[in-house]
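These notes concern the structure reproduced below.
The values are calculated or read from the model by the stated rules, or taken from the named source; none is laboratory data. This one's a predicted model, so the numbers in the text were calculated from it and none came from an experiment. Backbone-built Cβ (ideal geometry, glycine too); neighbour counts: all protein chains shown. Each accessible area value is taken on the protein alone, full model and side chains, heavy atoms only, with ligands, DNA and RNA left out. Shrake-Rupley method; radii C 1.70, N 1.55, O 1.52, S 1.80 Å.
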Amino acid sequence: MKMISPIRSVRNLNNIFVMKKNSLIAVTFFLLCISCESPRETTVVNDLRVEYMKNPVGIDVNQPRFSWKMESREKGVSQKAYTIMVSTDESFKTIFWSSDEVLSDKSVHIVYSGPALKPATRYFWKVQVKDQDSKYLLSKEKAFFETGLMDSGWSSAQWIKPNEEDTKRMAPMFRTTCKLNKRISSARIYTSGLGIYEVFINGKRIGAPDERGGREYEEFKPGWTDYTATVFYSTCDVKDLLKQGENVIGAIVASGWWKGDIAFGKYGNPDLGFIAKLVVNYTDGTSETIVTDPKTWKYSLDGPILYSDIYHGEVYDARKESAWTNSGFNDSEWKPCGINTNFKGNITAFTGPVVKVRAQLQRTPVKITRYEGVTKTDSDHGMINVKGTYNKPAKVSLPKGQTAVYDLGQNMTGWVRIKVKGKQGTEVTIKFAEMLNDEGKKSRGDDGPGGSLYRINLRKAKTTLQYTLKGDRQGEEYHPTTTFFGFRYCDITATDDIEIQSLTGEVVGTASEEVGSITTDHPAVNQLLSNIIWGQRGNFLSIPTDCPQRDERLGWTGDIQIFGRTACYNADLSSFFHKWMGDMRDSQRDDGAYPDVAPHCWVGWGQAAWAEAGIIIPWTTYLMYDNKGILKENYQSMEKYMTFLSNQANEQYKYNGAGTNYGDWVSYVRTNNRYISVCYYAYSALLMEKMSLALSSGREDEYALKADYYRTLYNSIKQEFQTRYTNESGLLQQNTQTAYLLALKLDLFATEEIKREAISRLRQLIVDNGNKLNTGFVGTGTIMPTLSDAGLIDIAYNLLLQRENPSWLYSVDQGATTIWERWNSYTKETGFHSDISMNSFNHYAYGAVAEWLYRYVAGINTDENRAGFKHIVLNPLPDFRKSFPEGQQQIKQAGANYDSYYGVIRSAWKIENNGSVKYNVTIPANTTATLKLLLNNGKGEIFESGQPVKDAKGIVSVIKEDGKAVIELVSGSYSFEVR
Ligand code: BGC
């Protein structure tokens, strides 16, 4: 702990005398703590966050929420109380607010309740934790949050636009100059765009200053929201970019989600727009504000981006580059802007991880193939005529007429950065694809010669870059900025000879922190897990998308409700889902129906298992992060959806559920779509009950009454379900895996006995199908947890390790590096799936199996009653199968890490050759856990770090129950062995 000088302490104390008495006590403790050196720091308080973010800038939240972690090498560490201190100066000379000491073990989402926060102000904060031994621990990180404009407004800033119609989808540039005559103490620019935009000041791109003295750049600002209601603005510290004297502010805006084909005409044919407010504070205490105003801003359409569309790509002419964002540039040809009146919604601050180039994920070529023309074979399209190959990154001389195919080894989302040398005016064309044609045969679905790009599955999306060289002798570097692609391969051609000096695949997406990982001793399962995380990286780009390559890339609600829990184990998505639920609310229809895609721009509303994302995502976010805020924020909207469902009653059935358009999408065996709607209605009622209970603070309060209401509703749906869908024996008329899975998951059978029958029926359905599933999105989303909860964990392992079609490992064996839309989107045996309209190679839904690997194989679960992993239920279920389907082997080792809001949880097991099983677990400080360990036929003995478990440190209790040992643990790391 850092010593601070007594003088500073005294000065601090002088300043706080004005505070009320109890605050003073808290602050005194706080300062005492600052000034005493701890002898041995085994426990620290760190990872301070406000509204899910570390040091967020530009938040518009009146009562932000604070979170922190305790990290300790010791066992049994916990928090008894906390004190949060907020100050407007970094050295805490004046205390703006102190929470006083609050007796609580909570350290997640603690609500600020001090005086009203001022706009555009940076607040520093610290937290002091009183631990289990009443020792005080003070956070040491520099932690702050900065408010955005809040209600201080845009100071007459206006949306500006080009004053002419743009029929070509060019990217207009806007610019103004301003004189700043004094020394600058701080400066912020607040900006937003209609279309995606980029801002420059004095020739430099703006970006948040990072800890290493560089800048972090945000791509695709302002992100995708339902623009009929909301557009985000962002706040950026630009002090370092400004200077005394003349300054230039420039912005370039491209069609993006506002005007491109991806908007499906939702906003008509609107103009692109830009709005900005620059606030400069001078050292003399005065300030100046510069805003977008048609009178002082000019525009030009004569820039290098000649065409831009998310689906289709970018046309860029480097000969048109100029120093338009620098002072001294002659803008006499530029024209005065007009006022853009197309946007009628609210401009609100964005809080959350932004879309970025994720540098650590970049890929270089694993193979480059140069070819010219086609060699005729007995196939329809022939094979490419190969002129040369390289098996690693290389400089490639590409003569006119030849094509270079680059394989980056990984299906990804983003763009390529290319360095190329050639004559001025040479046009270089880059096309993208997820797969290559294999044999050039139409019967195999190939759309061109073997070895060339397979692009027919992109449907109408042109996914092409066209770059015209300026002719730099050293070579020139280019990557697009206004479009992205889902690709593993690209090919390059040019109108003249060029040298491709380098090419890198850059991953672009929402940079949510990745917090989970799993590994096993099974290489194909590990590849599957890699495919799942890459599917997530590729499809979380401002919104959760179905796929990143074809002419969709939309926020399909069904896909994310299925994959959401997995996604939360892989990455911290609290703010991402908080934002996306805003899109859901904005796009909710007046009758309460949630959209099929959010933000809504296409297709409809109110379809079963899709619309319910509006209920499932808040629940998931609450469970994973103890985020009651998301429940409160969406409660009314969710109730509106429940009203929509109740209005679907018809003469015959009262509980009919939502629409039936999608059913168990792309399943091998069809389950009645209406059946799925009814089951999802029951699911919604169940979750509404749970969420109401989570919000209730007493038996009789409004939420408790709601919980009763939804329990009754669920029971009524269950009753009608039974009359509608079960036969005389109480089993289902729908004899499909998905039908049984839903009824079991939602507990829809009449008696325990019937339920047991149903479980054996389900087992049989899978065994009779050769140990294979035949489920679509809906069934696959639930199959593994439901089987395991029903005691069919052996069947679940059989399915996981199945290698025939359909199965997870089937696509792995076909060479997949991401999760596919179909189990057999491509097979080595027969080629591409014939339904090219739905043949995406990056569709995360089936990746929901990772949830099962985290929650059942590794066994990391939160206790629903103490959400956010405050109390952890560790229930690892090793592969104890007694017999194996042909070709399968036992998984002997598996483990997962999950960095929860309380810290890292670890759970790993290993089955030793002598039959004993080792379990290593870590429970973060300030949490507790219930660990359930399977005993060998109920007889096993348990040891921890070599001692009998009852004598081991950190064990609160051990009981034996249903062939398991149930062990209550305090925080710490443990090594158990069941012998
Ligand atoms: C999308 C799916 C989506 C489905 C709904 C498809 O085109 O790619 O992922 O959920 O439509 O029918």
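Listing for the model above:
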{"item": "Members of segment 222-242 that are of a type in the set (Lys, Arg) and open to solvent by less than 10 Å² (accessible area, probe 1.4 Å)", "result": "none"}
{"item": "Residue within segment 390-406 that is under 26 Å from the mean Cα position of the chain (by Cα) and open to solvent by less than 50 Å² (accessible area, probe 1.4 Å) present", "result": "no"}
{"item": "Where a residue in segment 183-210 is free of Cβ contacts under 8 Å to residues at least 12 places away in the same chain and its partner, wherever it lies, is open to solvent by 30 Å² or more (accessible area, probe 1.4 Å) and part of a strand (DSSP E or B), with Cβ under 9 Å and at least six apart", "result": "Asp210/Glu216"}
{"item": "The one condition in (1) within 14 Å of the ligand (Cβ to nearest atom); (2) closer than 27 Å to Ala739 by Cα; (3) of a type in the set (Phe, Trp, Tyr) that Trp602 fails to fulfil", "result": "(2)"}
{"item": "Options Ser971, Ser907, Ser883; residue that is of a type in the set (Gly, Ala, Ser) and surrounded by fewer than 15 Cβ atoms within 10 Å (Cβ to Cβ)", "result": "Ser883"}
{"item": "Residue that is of a type in the set (Gly, Ala, Ser) and open to solvent by less than 50 Å² (accessible area, probe 1.4 Å), where the choices are Ser322, Ser308", "result": "Ser308"}
{"item": "Output for segment 570-601, where each listed residue is of a type in the set (Gly, Ala, Ser), in contact (Cβ under 8 Å) with a residue 60 or more places away in the chain and in contact with a strand residue (DSSP E or B) (Cβ under 6 Å, 6 or more places away or on another chain)", "result": "Ser587, Ala593"}
{"item": "Strands (runs of 3 or more DSSP E) enclosed by segment 41-127 - at least 1 residues per element that are in contact with a His (Cβ under 8 Å, 6 or more places away or on another chain) and closer than 23 Å to Ser234 by Cβ", "result": "65-72"}
{"item": "Breaking point among (1) at pLDDT below 95; (2) outside any loop (DSSP other than H, G, I, E, B), for Gln764", "result": "(1)"}
{"item": "Matching residues, segment 590-615, being surrounded by fewer than 21 Cβ atoms within 10 Å (Cβ to Cβ) and closer than 21 Å to Ile630 by Cβ", "result": "none"}
{"item": "Positions within segment 835-854 being more than 16 Å from the ligand (Cβ to nearest atom) and open to solvent by 10 Å² or more (accessible area, probe 1.4 Å), in sequence order", "result": "Glu851"}
{"item": "Residue that is farthest from the ligand (Cβ to nearest atom), among those in segment 823-834 that are surrounded by fewer than 22 Cβ atoms within 10 Å (Cβ to Cβ) and either of a type in the set (Val, Ile, Thr) or closer than 19 Å to Gly538 by Cβ (or both)", "result": "Thr830"}
{"item": "Lone qualifier among Gly245, Gly285 - being out of contact with any helix residue (DSSP H, G or I) (no Cβ under 6 Å at 6 or more places or on another chain), exposed (fewer than 15 other Cβ atoms within 10 Å of the Cβ), under 19 Å from Ile189 (Cα atoms) and without any contact (Cβ under 8 Å) to a residue 60 or more places away in the chain", "result": "Gly285"}
{"item": "Tally of residues being surrounded by fewer than 19 Cβ atoms within 10 Å (Cβ to Cβ) and within 16 Å of the ligand (Cβ to nearest atom) across segment 637-665", "result": "2"}
{"item": "Search result, residues across segment 523-561 that are charged (D, E, K, R) and closer than 19 Å to Arg363 by Cα", "result": "Arg537"}
{"item": "Any hit, segment 674-689, residues being open to solvent by 60 Å² or more (accessible area, probe 1.4 Å) and either within 16 Å of the ligand (Cβ to nearest atom) or farther than 30 Å from Ile766 by Cβ (or both)", "result": "no"}
{"item": "Some residue of segment 374-386 being within 24 Å of the chain's Cα centre (by Cα) and in a strand (DSSP E or B)", "result": "no"}
{"item": "Selection within segment 511-525 - open to solvent by 30 Å² or more (accessible area, probe 1.4 Å) and more than 24 Å from Gly903 (Cα to Cα)", "result": "Asp521, His522, Pro523"}
{"item": "Residues satisfying the stated conditions in segment 346-380, i.e. over 30 Å from Tyr233 (Cα atoms), of a type outside the set (Lys, Arg) and open to solvent by less than 50 Å² (accessible area, probe 1.4 Å)", "result": "Pro365, Ile368, Thr369, Tyr371, Gly373, Ser379"}
{"item": "Subset of segment 216-269 (residues that are of a type in the set (S, T, N, Q) and assigned to a loop (DSSP other than H, G, I, E, B))", "result": "Thr225, Thr228, Gln244, Ser255, Asn269"}
{"item": "Candidate set: segment 149-184, residues that are open to solvent by 50 Å² or more (accessible area, probe 1.4 Å) and either in contact with a helix residue (DSSP H, G or I) (Cβ under 8 Å, 6 or more places away or on another chain) or part of a strand (DSSP E or B) (or both); chosen: the one farthest from Asn62 (Cα to Cα)", "result": "Arg169"}
{"item": "Residue list for segment 388-400, filter: in contact (Cβ under 8 Å) with a residue 40 or more places away in the chain and either basic (Lys, Arg) or farther than 11 Å from Ile368 by Cα (or both)", "result": "Lys395, Ser397, Leu398, Pro399, Lys400"}
{"item": "Candidates Gly791, Gly815, filtered to the one that is out of contact with any Phe, Trp or Tyr (no Cβ under 9 Å at 6 or more places or on another chain) and among the small types (Gly, Ala, Ser)", "result": "Gly791"}
